[in-house]
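Some notes on the structure that comes next.
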Amino acid sequence: MPAFYSGMRVAYSSAGGTAAVAVAAPANDVGSALGCTLSSQFQPIFSLAHRRPVGYEGLIRARDAAGAVVTPAELFRRAPRGAPRIDLDRRCRSLHVQNFQQAGESRGWLFLNVDPSVAIEGPRYGSFFAHMLHENGLAPHRVAVELIESQVMSEASLAAAVEYYREMGCVIVIDDFGAGYSNFDRIWRLRPNIVKIDREMTRRIGVEARVRYMFSGIVSVLHQAGALVCVEGIETEHEALCALDAGADLVQGRLFAPPAPQLIDEHACGELFSRLFAQFGEESAEYRVRRRASLQEYSSALERAAGRLARGSLHDFSGAMQPLLQLRCTQRCYLIGGDGTQLGANLEAERSPFGRDRRLEPMRPGAGTNWQAKPYFRRAAEAPGEVQVSRPYLSVTGPRLCVTISLGCIVQGALVVACVDIDYESLAGDDLSFGVGVADRV
């Protein structure tokens, strides 16, 4: 039996497989010194696609001798760095594993938080984790090790900790992404299997339209890095819908289930998921209708302008675009040749401040600028006569989100693509908060 078990008794309750660690050991035992009784609680982590829990995060709960609650942060602050903190962290993980196995969960992950100092210093105190998992009959591939990026961890130490658990066969999780010391560079280098989004970002996507739009891009980049994305701290259905809309894979929070000693039934949130997906479908459809309606006058004006061009010549471009430039949210119009090269300068709307902002002069498009890599050009060139609408993006000519409507047409025997940039934030208003990740045809 490993040394850290000495002086510790583990008692299981008959309901739910919960356990408490009561320390009756020498005075220098960490548990005795802290004077706390420890127990496990588990919070389920749901797959949005499967609509059921696919894992549980083990959370330590502590009470002092008087029965008062001691927060996990305070509990670990009481344990000095080195052997005492290593011992406490190992006790917590061992307790979670025993309780998880006692609960009878046979296929889900157990998410275990690892204290950063333990990840650095633990190997100096002998092997523990693999032996403990083996003793309790839990395969490493069912354990998701959550590592919190922190100031105390050097890049080399963090990488070594990740590789240690990866080689053991565990799922690698980077916790609290979007806060503190997390960054994309670490994600690309460490190659975690799962990235958990910080709770503060979850709160902000529920109340800030621009953050919601940015969040879709963050999820996309994390997917491209090969990681599943878990949004934690979800407390409202609106936050859950934002996570669903952004393409997140996993969700966790009190909306679905609070931490509890027992594991929940896998169908416990069936009604909630049915409601969320029904609302998501309705709002997505409603959004597309509103979006198309708001863009209709712009797409119709572009079709008329392209028709005038097709009947005349490229010299008619400025005159053909004047009705578009008079519309409320138009920023600029421009013409692209079949090879992606811009033909002539932008036609800026008079009300657009970006056309007069001299700070952006180095990025001002003009004759010779090539837009071949832009999806709105390629899609229009591949389907002449069909109006294309881009997803919102940040235009190089101004620090605001815009949408580009494009239309390919034949002028004097050659393919050209007529484009209009629209100030999306002014056009969409509150609609920016939902469903912005979709390119479309009008």
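Every listed requirement among (1) modelled with pLDDT under 95; (2) assigned to a helix (DSSP H, G or I) is met by Gln262 save one, (2). Does Ala260 satisfy being aliphatic (A, V, I, L, M) and either farther than 16 Å from Arg199 by Cβ or outside the structural domain of Leu48 (by TED's automatic domain parsing) (or both)? Taking the combined requirement at face value, the residue satisfies it.
For His134, the conditions (1) free of Cβ contacts under 8 Å to residues at least 24 places away in the same chain; (2) under 30 Å from Glu425 (Cβ atoms) are fulfilled apart from (2).
In the condition set (1) free of Cβ contacts under 8 Å to residues at least 12 places away in the same chain; (2) in a strand (DSSP E or B), Ala278 is compliant with all but (2).
The residues of segment 47-68 that are touching a helix residue (DSSP H, G or I) at 6+ places or on another chain (Cβ under 8 Å), among the hydrophobic types (A, V, I, L, M, F, W, C) and in contact (Cβ under 8 Å) with a residue 60 or more places away in the chain, listed by number, are Leu48, Leu59.
The set of residues in segment 394-423 being modelled with pLDDT under 80 and not aliphatic (A, V, I, L, M) consists of Ser395, Thr397, Gly398, Pro399, Arg400. How about segment 366-379: which of its residues are more than 14 Å from Leu343 (Cβ to Cβ) and part of a helix (DSSP H, G or I)? Residues satisfying the conditions are Pro375, Tyr376, Arg378, Arg379. Would you please name the residue that is farthest from the chain's Cα centre (by Cα), looking only at residues in segment 206-250 that are of a type in the set (S, T, N, Q) and at pLDDT 90 or above? Checking each candidate, the answer is Thr236. Of all the numbered requirements in (1) surrounded by fewer than 18 Cβ atoms within 10 Å (Cβ to Cβ); (2) assigned to a helix (DSSP H, G or I), Pro80 misses one, and that requirement is (2). For segment 176-192, a residue qualifies if it is hydrophobic (A, V, I, L, M, F, W, C) and surrounded by fewer than 17 Cβ atoms within 10 Å (Cβ to Cβ), and the qualifying residues are Ala179, Phe184, Trp188. No other residue among Val195, Val173 is crowded, with 18+ Cβ neighbours inside 10 Å, under 20 Å from Gln224 (Cβ atoms) and touching a helix residue (DSSP H, G or I) at 6+ places or on another chain (Cβ under 7 Å) apart from Val195.
Taking segment 281-306 as the range and being without any contact (Cβ under 8 Å) to a residue 12 or more places away in the chain and of a type in the set (Gly, Ala, Ser) as the test, the residues that pass are Gly281, Ala285, Ala293, Ser300. Scanning segment 125-170 for residues that are modelled with pLDDT under 90, among the aliphatic types (A, V, I, L, M) and buried (at least 17 other Cβ atoms within 10 Å of the Cβ) yields Leu147, Ile148, Met153, Leu158, Ala161, Val162. Residues in segment 312-354 that are assigned to a helix (DSSP H, G or I) and among the charged types (D, E, K, R): Asp316 only.
The values are calculated or read from the model by the stated rules, or taken from the named source; none is laboratory data. Computed from a predicted model, the values in this text were never measured in an experiment. FYI the Cβ positions are ideal-geometry reconstructions off the backbone, even for glycines, and counts take in every protein chain you see.
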